[in-house]
Amino acid sequence: MTTSIELLKNNPTQEIGIYIHIPFCKKKCEYCDFLSVAINGVIQDNYIVSLIKELGNDPFQNPVKSIYIGGGTPSLLKPKQINTIITHVNKLFNFISPEITIEVNPDDISDAWIKEIKDLGINRVSVGVQTFYDEELEYLGRRHNAKKAIEACKIISNYFDNWSLDLIFGIPFQTKERWKENLKIAVELNPSHISTYNLTFEKGTPLYEKKLKDKPDDDFCLDLYKYAEIYLYSNGYEHYEISNFAKKNYSCIHNLIYWHNEYYLGIGTGAFSFIDNLRCANISSIEEYIKYPGKKQEMDYLTDGEIKLETLIQHFRLSDGIHEKSYLNRFSTHIDEDFGPALNNLIENGFLEYNQGIYKPTAKGFYLNNEIGRQLLDCIK
Ligand code: SF4
């Protein structure tokens, strides 16, 4: 069976993004259903060794346009470990001034650590603030407090122009006033990018098991979301993806690879790769991964129809939507031939608009984005 790494080697001109998963946190947050485990001490070098083994030692020709070190909590890594990872990727791949992002927890941030990672070539930081209210942070089970979050953002902004701040809305008992204040503080800190996520109550998380009764109603959450849209826009942030806002030229290059349904290589436990028509996921057990780096737990060979469908669904998360010419260039079929009836229906029902060759989501299409996917799926059944 062909692996994602073999597919890349067969396709040396294919540009990619690389995702590296660090599945460790100091403690699990109440709402978290990401692949991560709580650890007491430091991240052991044996996990880093496995990441290197998964990549191997044979060089690739493929140009890399982004590297994203996500988690988990990558800010638990020592700069030396980050250096080992970046140096190895740099040795194997053809860098084209890639965006190199690391996710960080405010609690881990010190001036010295941020300075060191900048010196290693990291050029974008994404900080998980979530809220500037201590009661809300406690409710979510985060380990930092509001004071530390502000301090961390100030340190990051001293070293990076390109940095992102995550906020969560729809936290039980959050008032609209508090949400407004969260956005105001965020804007004052002046990140180049802000992500706003609606808190989800995922089955299997402590939040779902213990606190589902506290869940605020959807209309209230939509109201908070609409406020964020207007406020952030009026402060110079473009709403370029359902949950993401950026100043001009500061959209996240790595995440755009996912939203454009382009190719990426995922390294580490549970990491997904998508190359050609293969989507695969690494084994999610850390012990197994350390023993057998790169072992897969899922391998899906997608049909052309599935890739087309996913490409549209992902593009319709973006305010830019999709140009019919780019669809034609990629698939050699016209978007109308493949999805005409569904697209017309979505336009008639106010989810999409069409103008000069571009299909893009309307405000309603942003708010009720799942409906777009559902109608497109019906079309190919
Ligand atoms: S820090 Fe992030 S990955 Fe870790 S437990 Fe909290 S939400 Fe999950």
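The values are calculated or read from the model by the stated rules, or taken from the named source; none is laboratory data. Being a predicted model, the structure only gives us computed values, none of them experimental. Because the Cβ atoms are built from the backbone with ideal geometry, glycine has one as well, and the counts that use them run over all protein chains shown. When the accessible area is computed, the model is the full protein with side chains, heavy atoms only, and any ligands, DNA or RNA have been set aside. Shrake-Rupley method; radii C 1.70, N 1.55, O 1.52, S 1.80 Å.
General observations
- Backbone phi angles across the stretch 242-254, fed through the Karplus curve with coefficients 6.51, -1.76 and 1.60 (θ = phi - 60°), yield HN-Hα couplings of 2, 9, 10, 10, 9, 5, 3, 6, 10, 4, 7, 4, 5 Hz in residue order; Gly and Pro are listed as x.
- Over 28 Å (Cα to Cα) - which of Lys180/Lys364; Lys65/Lys184; Lys65/Lys325 fall in this group: Lys65/Lys184
- Dipole size of the stretch 178-268 about its Cα centre, with +1 on Lys/Arg Cβ and -1 on Asp/Glu Cβ: approximately 240 debye, rounded to the nearest 20.
- For Gly266, nonlocal amide neighbours, meaning residues 5 or more places apart or on other chains whose placed amide H falls under 5 Å from its own, are Tyr19, Ser273, Phe274.
- FRET efficiency for the pair Tyr292 and Thr200, taken as 1/(1 + (r/R0)^6) with r the Cβ-Cβ distance and R0 = 51 Å, rounds to 0.95.
- 1.4 Å probe accessible area per residue over the stretch 230-293, in Å²: 40
- Ranking Thr175, Leu76, Ala146 by how far each Cα lies toward the positive end of the dipole of the chain (charges on Cβ) leaves Leu76 at the top.
- Karplus-based coupling profile of the stretch 111-119, in residue order and whole Hz: 4, 5, 5, 5, 4, 5, 5, 5, 5, with θ = phi - 60° in 6.51 cos²θ - 1.76 cosθ + 1.60 and x standing for Gly or Pro.
- Under the Karplus curve 6.51 cos²θ - 1.76 cosθ + 1.60, θ = phi - 60°, whole-Hz ³J(HN,Hα) for the stretch 129-139, x wherever Gly or Pro sits: 6, 6, 6, 9, 10, 4, 4, 6, 4, 5, 4
- For the chain, calculated [θ]222 nm from helices alone, where every DSSP H run of n ≥ 4 adds -39500 (n - 2.57): -12500 deg cm²/dmol
- Share of carbon and sulfur in the accessible heavy-atom surface of the chain [1.4 Å probe, %]: 49
- Heavy-atom surface of the stretch 170-225, accessible at 1.4 Å and reported per residue (Å²): 51
- Antiparallel content of DSSP bridges confined to the stretch 165-294, in %, to 5: 70
- Whether the stretch 123-255 is rounded, prolate or oblate, judged on the alpha carbon gyration tensor where a/c under 1.5 counts as rounded: prolate
- By the Cβ rule of 4.7 Å, the chain holds the following cysteines without a possible disulfide partner: Cys25, Cys153, Cys221, Cys252, Cys280, Cys379.
- Radius 10 Å from Cβ of Phe173, net charge of other residues (Lys, Arg +1; Asp, Glu -1): -2
- Amide hydrogen proximity for Ile67: with H placed 1.01 Å from N in the peptide plane, the residues at 5 or more positions away or on another chain lying under 5 Å are Ile18, Glu99, Ile100, Thr101.
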